[in-house]
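Heads up, the thing below is written out as structure tokens.
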């Protein structure tokens, strides 16, 4: 599928892990408990996302069943496209796909003339990656500024056109198309 979206109203995020208490410890998130984390993530989301904006969530949205997912989704602004992460499948079997604009394992989109591959996991190879004209946005690895955790050795092989849009890497806030464009532009300029 090929979709084209408005650059001024398109955002990306990943790995919110709503209701996942252990992620606070696993990723050293700065929250005292899951309620504080959920509230901060919701507030950050709604501060930048307006009701008509498009959000691509690249997986690991929420833990729990339909009630937990519905409670979170009812509070979030925007039209959400879900790229499935490794923690999402159980919940979607409970009939939650209708709450999203689209649910898929990966997706190719265009914003203006920029081609973008969306996937939960970073790719070592992807269509257009060798030409430096196609981006690949991902999550899963929980990158932190100045730290890439257990995946550091693997992530050194990424192209400058690949970026972790996960909340741990972006101040626990969705990131706009323009922000991603700036970051990738800076990475390309330094390689």
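Only one residue in 28, 77 is closer than 24 Å to residue 3 by Cβ, in a loop (DSSP other than H, G, I, E, B) and in contact with a strand residue (DSSP E or B) (Cβ under 9 Å, 6 or more places away or on another chain), so which one is that? Spell out the reasoning first.
Values: 28 fails: closer than 24 Å to residue 3 by Cβ.
Answer to the selection: 77.
Scanning region 15-52 for residues that are without any contact (Cβ under 8 Å) to a residue 60 or more places away in the chain, surrounded by fewer than 19 Cβ atoms within 10 Å (Cβ to Cβ) and within 30 Å of residue 110 (Cα to Cα) yields a count of 6. Selection of region 38-74 for residues being within 22 Å of residue 22 (Cβ to Cβ) and in contact with a helix residue (DSSP H, G or I) (Cβ under 6 Å, 6 or more places away or on another chain) yields 62, 69, 73. Pairs linking a residue in region 153-173 that is more than 15 Å from residue 119 (Cβ to Cβ) to a residue that is at pLDDT below 95 and in a strand (DSSP E or B), with Cβ atoms under 6 Å and 6 or more positions apart or on different chains, are 168/144.
Residues that are over 20 Å from residue 175 (Cβ atoms) and assigned to a loop (DSSP other than H, G, I, E, B) were ranked within region 89-112; the one that is modelled with the highest pLDDT is 105. For residue 64, the criteria (1) surrounded by fewer than 22 Cβ atoms within 10 Å (Cβ to Cβ); (2) on the phi < 0 side of the Ramachandran plot hold in every case but one, which is (2). Screening the candidates 82, 73, 92, 58 for the property of being surrounded by 13 or more Cβ atoms within 10 Å (Cβ to Cβ), closer than 16 Å to residue 137 by Cβ and without any contact (Cβ under 8 Å) to a residue 40 or more places away in the chain yields one hit, 82.
Among the residues of region 136-157, is any touching a helix residue (DSSP H, G or I) at 6+ places or on another chain (Cβ under 6 Å), crowded, with 19+ Cβ neighbours inside 10 Å, at negative phi and modelled with pLDDT of 95 or more? No. For residue 95, the test of being more than 21 Å from residue 7 (Cβ to Cβ) and out of contact with any strand residue (DSSP E or B) (no Cβ under 8 Å at 6 or more places or on another chain) is passed.
Given the criteria modelled with pLDDT under 75 and out of contact with any helix residue (DSSP H, G or I) (no Cβ under 7 Å at 6 or more places or on another chain), does residue 132 qualify?
For residue 132, the condition - modelled with pLDDT under 75 and out of contact with any helix residue (DSSP H, G or I) (no Cβ under 7 Å at 6 or more places or on another chain) - is not met.
The values are calculated or read from the model by the stated rules, or taken from the named source; none is laboratory data. It should be emphasised that the depicted structure is a prediction, and the values quoted were computed from it without experimental measurement. No Cβ is skipped: glycine too gets one built from the backbone with ideal geometry, and neighbour counts run over all protein chains shown.
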